[in-house]
1. Here are labelled values, (i) 74, 40, 40; (ii) 64, 43, 38; (iii) 83, 41, 37, and one is the computed Cα extents along the principal axes in Å for what I pasted. Which one?
2. With the Cα gyration tensor of the stretch 192-265 in hand, convert its eigenvalues to equivalent ellipsoid semi-axes via √(5λ) and list them largest first in whole Å.
3. Where Rh is the Kirkwood radius over the Cα pairs of the stretch 169-344, the temperature 37 °C and the viscosity 0.692 mPa s, what D in µm²/s does Stokes-Einstein return?
4. Treating cross-link reach as a plain straight distance, find the lysines whose alpha-carbon is under 26 Å from the alpha-carbon of residue 207, omitting any fewer than eight places away in the same chain.
5. Counting pairs of alpha carbon atoms under 8 Å apart in space and at least six apart in sequence, what relative contact order in percent does the chain give?
6. If I fit a long axis through the Cα atoms of helix 123-135 and take the longest principal axis of the Cα atoms of the chain, what angle between them do I get, 0 to 90°, rounded to 10?
7. Given labels modelled 7 Å from the Cα in the Cβ direction, how far is it in nm from residue 151 to residue 229?
8. Of 44, 15, 65, which is farthest on the positive side of the dipole of the stretch 10-84, counting Cα position, with +1 on Lys and Arg Cβ, -1 on Asp and Glu Cβ, and the Cα centre as origin?
Amino acid sequence: MRRPVALVLGPHLEAVSGVSTHLRLLLASPLAGDFRLVHFQVGSEGRDEGAFGRAVRLALSPLKLALVILVRNAAIVHLNTSLNTRAYWRDLAYLVIAKLCGARVVYQVHGGALPQRFFRGNRLLEALLRGTLRLADAVVVLARIELRAYRKFAPGLPVMALPNAIDYAPYAALKRLPSRGPMPLRLVYVGRLAREKGLIETLQGLKLAHTQGVAAQLAIAGSGPDEGRLRQLAEELQLSRDVAFIGPVFGAAKAQLLAGADVLVLASHAEGLPYALLEGMAAGDAVIATRVGAMPDVVVDGAHGFFVPPHNPLEIARAIGRLAADRGLLARMSEASRRRIAGSYSLERLASDFRRLYFELCAGRDARALIRSDG
């Protein structure tokens, strides 16, 4: 029996982004046993092109998608996008082409603005956004807060929340070193070095914790536009001995880094569902995070770590101090974090969710029935 073809649209597979990670996981998941998953790249990552080449690609890429759909007889087009200006207008063309070619479309939104805020009250453009969303056969979001927002913005929209997941097996095999009182608390951040990730507040919070007599160190893994500014701030705060900028890490090196830490710090101003959160918890890290995006769906305050308000170094310092002072609590949070990811955020769960959705759409059924059956 021939497997139905599903085109999975998104950035270059080797790009450093959460969406690229999502694509790689889907393509390697058990979902590929039931559907022939074919990656179709959108965006500029990994391309050597100038302004003219980019313009030509943007004009021709939707036509190329039409050709691929028709030649491969694709049943599903799974469009991975974000609700930001650049991605929305670019991917609108792919959505329209996929529908014109007769494919069923899964429109997965990886963060960005909530729909009520995207066009800032412009009624005409808001009507366009509603029409865009209703073109899709199913809209997939990452967080419960997004699910509620989309249902309110477009009543009756076939929208469902399917959170990200990871391959838990490599993390289950990791051995953790015990964290004892005399040792400095080992903090880690993994991700893009950008202001909206709350790293300025994280450094300020670490400095405040030091002034209160708390021994703590921070490893910052990643790269980004604010790296120079963050290095300078660490020097100004006299944190150079306790803050290490170690650059991007991947695969086994990233897993070992997380397993060697006590606490993952994600003081982001806004988020979808960061893979660093899932990976850090799978490795056994407690969490200091802000209550944004899907992070409240994953983390239970006081059980897996502590929530702090965005833009609040003082609360970050307090959380660091509490975890440094109570290593028994830290150990309990570590075990709870690992159980949380193993139980609810495994790759098998993600593949099962999308398998069910894909089969419903291939059978010609309305995704609304599936969504109602899931509550």
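1. Of the labelled values, this structure produces (ii).
2. Values: eigenvalues 79, 51, 20 Å².
Sorted largest first and rounded, they come to 20, 16, 10 Å.
3. Details: Rh = 15.7 Å.
Answer from the Stokes-Einstein relation: 209 µm²/s.
4. 197, 254
5. 16 percent
6. Between the helix axis and the principal axis of the chain, the angle is about 70 degrees.
7. If labels sit at residue 151 and residue 229, their model points lie 3.8 nm apart.
8. 65
None of the figures in this text is laboratory data; all of them are computed from the coordinates on show. Keep in mind that this is a model prediction, so the values were computed, not measured. FYI the Cβ positions are ideal-geometry reconstructions off the backbone, even for glycines, and counts take in every protein chain you see.
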